[in-house]
Structure formats: structure tokens, C-alpha cells
1. Taking N as the number of residues in the range 241-312, what is its Cα Rg relative to 2.2 N^0.38 Å?
2. Work out, step by step, the length gained on full extension between VAL155 and GLN122: first 0.36 nm times the residue separation, then minus their alpha carbon distance; give nm to one decimal.
3. What dipole magnitude, in Debye to the nearest 20, does the range 42-187 give about its Cα centre under +1 on Lys/Arg Cβ and -1 on Asp/Glu Cβ?
4. Taking the mean number of other Cβ atoms within 10 Å as a proxy for protection, how do you rank 57-68, 1-12, 277-288 from highest to lowest?
5. Quick one: compute the contact order of the range 223-295, relative version, from alpha carbon pairs under 8 angstrom and 6+ residues apart, as a percent.
6. At a Förster radius of 30 Å, what calculated FRET efficiency corresponds to the Cβ-Cβ distance of TYR62 and LYS303, to the nearest 0.05?
7. When Kirkwood radius over Cα pairs in Å is calculated directly from the model, which label among [x] 20.0; [y] 20.9; [z] 22.6 fits?
8. Would you give the gap between the C-alpha center of the range 55-78 and the C-alpha center of the range 111-142, rounded to a whole Å?
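Any read-out appearing in this document is the output of simple, stated calculations on the displayed coordinates, not a laboratory observation. This is a predicted model, so every value here is computed, not measured. In this analysis, Cβ positions are derived from the backbone assuming ideal geometry, glycine residues included, and neighbour counts consider all displayed protein chains.
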Amino acid sequence: MKQILGSMTFGDQVDQETAQEMLAQFTAAGNHEIDTAHIYCDGRTEEMLGRLLAPAARDQLYIASKVNPWNDDGLKPVSVNKQMAEILQRLGTDRVDLLYLHSPDLETPVTETLEACFDLFQQRKFSHFGLSNYASWQVAEVVETCRRNGWMEPVVYQGMYNALTRDVERELFPCLRNYGIRFNAYNPLAGGMLTGKHLSMDDIPDSGRFNVERGYLDRYWKQDYFNVLQELQTACQEFDLKPVEVALSWLVHHSLLDDELGDGIILGASKVEHLLQNMMACKHAPLNQEILDILDRGWEIIKPNCFRYFRP
């Protein structure tokens, strides 16, 4: 399964020296795709990547970034163009390989946004087009609009997907497969919930995502998750498994991801050793039925209150 380096922590939890080592280890293992976004760390993430990526190394990498609607102009053409220019300036390059729309803008007609993207595509500011956090009906709207106008179509969708967060499976995956769109999974460890570090709802950490980002608390810091995690932790001890191995093995071997279709897993980390652990866990053997049953039962418990896969 394709591994993608998530850089959201670069410039915040991860300093430049650590980021450089992460890039070195990641590429040494044969990986080459890096995921970033205009909004990450108020631009510091892309600026750090720009300092780290030498021109010679740039051609060996596949860089993805995202423009977003979280500003006064949303995804109006003026905003799309401004963000694209800033992305390229920060990264120190004249193009990115993949440009996502980070989230839908309900205030701007989608045709305006897509036409602005097509203009940038024709200028060779990016090579491939993707969507993130769009509902399935919005994906269909984007594809059909692009087809009617002869514009570039989205080839990849980036979405929230892990063993205990499977909201994408019901409607989104059938939609993507219908249009030939591959899937890149973010939050494969549920923001750290599937690492075994968090076992009590009362123990909110003093650092990390659950301390600095309210969104992660809203997504995962729920009693249903902790009930399932406690059962999973017991089973991991019984079968000498690490929760990280369970989480990533499930995505590689037992989820709807398909390596042959080009799907991938975005691996983020705040420490080099965590990244290496995650990379190794992606190569773990398939899980036994008892572990799979715990995960399936856990999903049924969590499903009614699961954070939806789309925004806003």
C-alpha cells in the first residue's frame, strides 16, 4: 500500500532538524509522496518544506497541497489564485504535483472555483486535481461539472478513514469507484487514539493533537471510543500486538482501500521513531479473526455518533 508523508506537524510539533530526518527516512524506504496544505501551521509547514527540498530532490518527490475556503473569500477565484501563488512561493517551486480543494465552499458556485482551478492547471501550476472532505453528492457534482466543461477531473480524494471511523464506506467509496477516483486515508490512527496511549476519557493530554486542536477532541474523544479501545488493548496484549500494528494492518489488508487502484495511507508523526514505527506497521501481516471481530463490533458501537466524513 502506498505510504504518504503527512506534514501537518511540521513547523509546530516538529522542528526543521526532525523534519529533515523524517524526510530522509521516508524517502530511503522508497516512498516519495508528501502531503501538505496552505493552512497548515499558518504557512510554516510549507515554508519548512521549501527550505528542506533541494531543487534536485524536488524532481524525485510527488508533492500535494490544498487550497481552502477558510478565509473571507472562500474558494472564489481570487482566493484560489492567491493561495496557489503563496503555496508555490513557500515551497520554492513553480508547480505542485497534486492540488486538492481542502473542503467545499457552500457560498461560492462550484463552477467558479473549478474554472479558476482549470486556469491554474492550464498554466501548469499543478499536474493533478483532488478533493478532500467533500460529501459524495458534491464529488459527483464536481466530476459532472468538469466533464460538461472539458476541465480536469479529480483523480484522488483525501478522507478520514480508520478501523473505528468508517463513515466513508457507505456512500463515498461507491461514488469514488464509479468515477475512478482513488482514495488517500488521513487519520489512520484516529489522531493517536489507535496508538494505545489514550485509555481514559478523563486524561486529556497536556501536549499533542488532543491538547492543541479542539477538532480532534470533537472527532474522537468520546466514551464509545474508549470502551472499544480498552477491549482492543486487552486483545493486543493477548496476541502480542501493538495497537499501531492493528490499526495500520486493518487499513492495508481489511479495509476498502485497494493498492491496485492507487489508494494510499497518510502517515503523520511528531517524532522520527513514531514515523518509522508507522511505516513498519504498514507491512504487518493480516489480522486474526478475533481482532477483526473486536474492530467490527467497535465500529457498530461508534457508528451512531461517528464524526461525519464531510465538511462543513
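1. My calculation over the Cα atoms of the range 241-312 gives 1.23.
2. The VAL155-GLN122 span can extend by a further 10.2 nm.
3. The dipole of the range 42-187 has a size of about 480 debye.
4. Going by the mean number of other Cβ atoms within 10 Å, highest first, we get 1-12, 57-68, 277-288.
5. 44 percent
6. Working from the Cβ atoms, E equals 0.30.
7. Working out Kirkwood radius over Cα pairs in Å from the coordinates points to [x].
8. Comparing the Cα centres of the range 55-78 and the range 111-142, I get a distance of 12 Å.
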